[in-house]
Structure formats: C-alpha cells, structure tokens
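Chemist: Just dropping this structure here.
Just so it is clear, none of the values below were taken in a lab; they were calculated from the coordinates. Model, not experiment: these values are computed from the prediction. Positions of Cβ are backbone-derived with ideal geometry, glycine not excepted, and every protein chain shown enters the neighbour counts.
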Amino acid sequence: MRVLLFCDDHYHPGDVPTKGVEPLKNKGYTIDIISDTTTYNPATIFEYDVVIMSKCDHVTKESQNSWKAPEVQKAFVDFVEKGGGLIVAHNGTVAGPDTGVLDRLAGCRFASHPNNSPITVGPLKPHPITNDVNIFCELDEHYHLEILADDIDIVAASYGLAQGDSAKYETEAYFNYPEHIAPSALVRTQGTGRVCVLTPGHHVEVWLNPEFQKMLENAINWCAKKI
C-alpha cells in the first residue's frame, strides 16, 4: 500500500511523524514523505492510497508561507471523493487563513490546547480504527477541536489533567483548562472516500507508543478500505 506523509512546519518538526511512521515500513507499507511544499504538485496525491496530513499551512519550518492554495485543497477533495483515504494527524488540523475547504473535508479544525501534560487516550466505541487498541497515556498537547461536519463520528477520546495552579503559565487563562475530555479519533466519509482525524502526536513518544501505532495502522487500513 502506498502512503504519502506531509509533515514539517514552524511549530512541528517533520522528524516527529517521520520517525513515527518508520515502524510501518517493516509491515509492507511504502511511505513517501513531503516536508517542503515549495514546488508541490497537487496531482501527486493521486498516486497514493492514503495521505497523512501532519502539516499545517506552512511551506517548511523555516517558511510560514501558505502552501494550501485553492488548487491544492481542491485536489484533496477530489482525491477523497474519488475513493482516496485521508488521515489528518495532530497539527494537520491547524487551519490557515484560507483553508476552509480542507478544514471542512476534515470535518473539524484545531481550536486550542493547554500546556503539555499527561494525556490518556482510549476507545469510545467499537470501530475498525479502535480495534485491539488499549488505553494509553503519554505527555502530549491536548487538542481541542471545532467540529465542522454533522456526520463526524467520534470513535476515541482523550482525557487531560487539570492544570490550574500547577500550570507553568498559571496567570494566563489559555493554559488553565480544568479536567476535560476531548475527541482524539474522528471519522467521516465524503464521496466514496474516507477521512480520519487523529489528534494525538506532538511528540515522537506518542507516535511510537504501541497503542497509537495500532490506531494509526488501523486508520490507514480503514481509510484504504482494507478493513
């Protein structure tokens, strides 16, 4: 199966998801990586079964110029509607100034997150993506999402600790979330294609966690209609 990974932006070094998908190569997946989208050709994605978007609207970590132009977003929509699989991982949910088409394809977009803290992730319901996935805990950014699609199905959730007085920036409300639960795996369909959003993944330890690896591999196979 051919998988294309988009990664690397100003806030999220590409070596994190790059190392995170490395174990999958030993399971027969062919994974190509695009980190610099300066000369990206939108037609490239049609050569793949599944695309993993772990990149916000920055060309590279050095350049915060936008790369998700209208023709790029249209290609992603066409790819999914014609049967392709799209996984939007962690920072892939971060919207750019004009990424509404791609945000709606994902069915959600990043809203905010508190400080890094231990995050517990676990299945909410039986689904091919949560099959054989057990509860796990890693230090991570606990993403809050704005839901944009009525057909979003939340299949796994994450729980973050209260930070309050123990927060590094305790005087800043942004960092003072109470205890809460947030979606961590969401799915939807569009046309004949499938979309999965996975919110964990700021650190390589999350990607390499055996339970997250199961969820990621399940997501790839579900998006490719193999399960």
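Chemist: Could you run the Karplus curve 6.51 cos²θ - 1.76 cosθ + 1.60 with θ = phi - 60° over region 197-212 and give me ³J(HN,Hα) per residue in whole Hz, x for Gly and Pro?
Modeler: 10, 10, 7, x, x, 6, 10, 5, 4, 5, 4, 8, 4, x, 6, 5
Chemist: HN-Hα J couplings of region 213-227 from phi, Karplus 6.51/-1.76/1.60, θ = phi - 60°, integer Hz, Gly and Pro as x?
Modeler: Running phi through 6.51 cos²θ - 1.76 cosθ + 1.60 with θ = phi - 60° gives 4, 4, 5, 5, 5, 4, 4, 4, 5, 5, 5, 8, 6, 8, 9 Hz.
Chemist: If you don't mind, another one. Enumerate the residues in region 99-113 having an amide nitrogen under 20 Å from the point lying 7 Å beyond the Cα of residue 82 toward its Cβ.
Modeler: The answer is 101-103, 105-106.
Chemist: So what's the back-of-envelope 222 nm ellipticity for the chain, counting only DSSP H runs of four-plus at -39500 (n - 2.57) apiece and dividing by all residues, rounded to 500? Working shown, then result.
Modeler: Numbers: 5 runs with 49 residues, N = 227.
Helix contribution divided over all residues of the chain: -6500 deg cm²/dmol.
Chemist: Cα centroids of region 113-166 and region 62-76: how far apart, whole angstrom?
Modeler: Taking the Cα centre of region 62-76 as reference, the centre of region 113-166 is 27 Å away.
Chemist: What distance in nm separates the two pseudo spin-label positions at residue 116 and residue 104, each 7 Å out from Cα along the beta-carbon direction?
Modeler: Each label point lies 7 Å from its Cα, and together they span 3.7 nm.
Chemist: Describe numerically, in nm with one decimal, the distance between label points set 7 Å from Cα along Cα→Cβ at residue 147 and at residue 204.
Modeler: If labels sit at residue 147 and residue 204, their model points lie 3.6 nm apart.
Chemist: Just going by the charge dipole of the chain, with Lys and Arg at +1 and Asp and Glu at -1 on Cβ, which of 65, 94, 131 is farthest out on the positive end?
Modeler: The listed residue farthest towards the positive side: 131.
Chemist: Under the rule of at least 5 residues apart or a separate chain, name every residue whose amide H is placed under 5 Å from the amide H of residue 33.
Modeler: Distant-sequence amide H within range of residue 33: 5.
Chemist: If you don't mind, there's one more thing I want to ask. Where does helix 15-25 land angle-wise versus the long Cα axis of the chain, in degrees 0 to 90, nearest 10?
Modeler: Value to nearest ten degrees: 60.
Chemist: Residue 19: which lysines have alpha carbons under 23 Å from its alpha carbon, excluding same-chain residues fewer than 8 sequence positions away?
Modeler: 27, 55, 61, 214
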